[in-house]
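Enquirer: Please find one structure pasted underneath; my questions will follow.
The values are calculated or read from the model by the stated rules, or taken from the named source; none is laboratory data. Keep in mind that this is a model prediction, so the values were computed, not measured. Here Cβ is always computed from backbone atoms with ideal geometry, including for glycine, and neighbour counts include all displayed protein chains. These area figures cover heavy atoms from the full protein model, side chains too; ligands, DNA and RNA do not enter into them. Shrake-Rupley method; radii C 1.70, N 1.55, O 1.52, S 1.80 Å.
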Amino acid sequence: MEHIPVLLKESVDFLLAGRRVVGGEGVLVDATFGGGGHSRSLLERSSEGVSVVAIDRDPEATLRGESLTVEFASRFKLLAGNFADLTELLDDAGIDKIDGLLLDIGLSSFQLEEGDRGFSFQSPGPLDMRMDPATGEPASTIVNQADYKTLFKIFRNFGEEPYAAAIARKIVESRVQNPLLTTRSLAALIEDMVPVYKRSRRHPATLVFQALRIVVNDELNALEQVLNAGLERLERGARMVVISYHSLEDRRVKRIFRQATKGCVCPPRVPVCGCGQKPKVKILTGRGVRPQESEIALNPRSRSACLRAVECL
Ligand SMILES: C[S@@+](CC[C@H](N)C(=O)[O-])C[C@H]1O[C@@H](n2cnc3c(N)ncnc32)[C@H](O)[C@@H]1O
């Protein structure tokens, strides 16, 4: 099993062009270590004066980082934690300003392919989906205990699932006799419901699994928190690069980046600015960078990726 890093060259090129990093110094933060593909490339392609601090909330990911810790001892540190707590994690590590931040959000292939983690409708396993199995409730708790209205809202708001109402109703009916405790039992229930002629190339359970995963891991709040915290920590001339995989994430990235480009927010009739707000960043990527066809052919999981980057002013 391996994880092929997505938009590797593009993301690393952006980060290495940060002002201090070009000069051969600085601290780069890879807040989604995963299999370490991006961290490794950042270390290999930068000079001795540049260090990389990586973060992951999945204890299996932090174990995978041991080889980089040995290989790049003085230049690499791996922290266990949720990137939503970026400020505290950096404070505890004694780091003030940073010279680059990478977020390659979502799941690694390790998480998806390991049935025991419960992320995939294709791999049999318990309906869990926690990135950090020591924190929060597994997906099976929501599926078996939430009422109809809550399930409906989760599938509609976080999956944009067209059959949200019907699937929520069916879950509430079926679980009385047969609690839904495994990935396959939930996937089979959805497969039975969505008419074959309405199906796209996507598996009919894709959006429900996405929605549950977002809620179980509080993913969208964590994303907003790390984007805001990251903007506060970047040095002038430093870059933030975010790779997202679905529109709910990408919309948040776009909104927060756009807000950070704005200067004065006083109403137009106020003659002298009272807010004092200055633009924090400039956007480097316009409509976002997508993987080339050659990358998608090699790694179909990169298909939905969109990279956005900003530079701190
Ligand atoms: C797509 S993978 C990153 C892959 C990595 N860039 C590589 O090349 O191997 C995303 C990783 O981010 C981690 N992650 C997701 N949300 C997180 C959060 N809120 N805090 C910390 N880590 C998170 C996941 O556990 C997963 O390992």
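Enquirer: Could you give the size of the charge dipole of region 15-111 about its Cα centre, using +1 on the Cβ of each K and R and -1 on the Cβ of each D and E, expressed in debye and rounded to the nearest 20?
Expert: Approximately 320 debye in magnitude.
Enquirer: Return the subset of Lys9/Lys77; Lys153/Lys198; Lys149/Lys262; Lys153/Lys262; Lys9/Lys278; Lys9/Lys282 for which the Cα-Cα distance in this structure is over 30 Å, preserving the input order.
Expert: Lys149/Lys262; Lys153/Lys262; Lys9/Lys278
Enquirer: Residue separation times 0.36 nm, minus the C-alpha to C-alpha distance between Thr285 and Asn157: what's the value?
Expert: Extending this stretch completely gives an extra 43.3 nm.
Enquirer: Semi-axes, largest first, in whole Å: what does sqrt of 5 times each Cα gyration tensor eigenvalue give for the chain?
Expert: 36, 24, 18
Enquirer: Okay, next question. Students often forget the sequence filter, so: which aspartates and glutamates lie under 19 Å Cα-Cα from Lys280 once same-chain residues fewer than 8 apart are removed?
Expert: Answer for Lys280, where 19 Å is the Cα cut-off: Asp96, Asp99, Glu224, Glu232, Glu235, Glu311, listed by chain and number.
Enquirer: With the contact rule set at Cα under 8 Å and sequence spacing of 6 or more, what percent relative contact order holds for region 24-151?
Expert: 22
Enquirer: Here is a further query. Using r as the Cβ-Cβ distance of Gln145 and Arg255, and R0 as 35 Å, what FRET efficiency do you calculate, to the nearest 0.05?
Expert: With a Förster radius of 35 Å, E is 0.60.
Enquirer: What is the percent carbon and sulfur in the accessible area of the chain, measuring with a 1.4 Å probe over the protein chains and ignoring ligands?
Expert: Within the chain, the accessible surface is 51 percent carbon and sulfur.
Enquirer: Using Cα springs under 10 Å in a Gaussian network model of the chain, which residue among Asp92, Asp128, Asp250 shows the largest mean-square fluctuation?
Expert: Evaluated over the chain, the most mobile residue of the options is Asp92.
Enquirer: While we're here: Quickly estimate the mean residue ellipticity at 222 nm for the chain, helices only: each DSSP H run with n ≥ 4 gives -39500 (n - 2.57), and the total goes over all residues, rounded to 500.
Expert: Counting only the DSSP helices, I get -12000 deg cm²/dmol.
Enquirer: Using a 1.4 Å probe, how large is the accessible area of Arg252, given in Å² and rounded to the nearest 10?
Expert: Spelled out: Arg252, probe radius 1.4 Å, area about 60 Å².
Enquirer: Please identify which residues in region 128-153 have an amide N closer than 19 Å to a label point set 7 Å out from the Cα of Val176, following the Cα→Cβ vector.
Expert: Correct set: 143-152.
Enquirer: Separate question: Among Ser140, Ser294, Ser51, which one shows the biggest mean-square fluctuation in a GNM of the chain, springs joining Cα atoms closer than 10 Å?
Expert: Residue with maximal mean-square fluctuation among Ser140, Ser294, Ser51: Ser294.
Enquirer: Under a 1.4 Å probe, what is the accessible area of the chain per residue, stated in Å²?
Expert: So the chain comes to 48 Å² accessible per residue, rounded to a whole number.
Enquirer: Also: What is the extension gain from Ile296 to Ile4, computed as 0.36 nm multiplied by their sequence separation minus the C-alpha to C-alpha distance, in nm to one decimal?
Expert: That works out to 104.0 nm of additional length.
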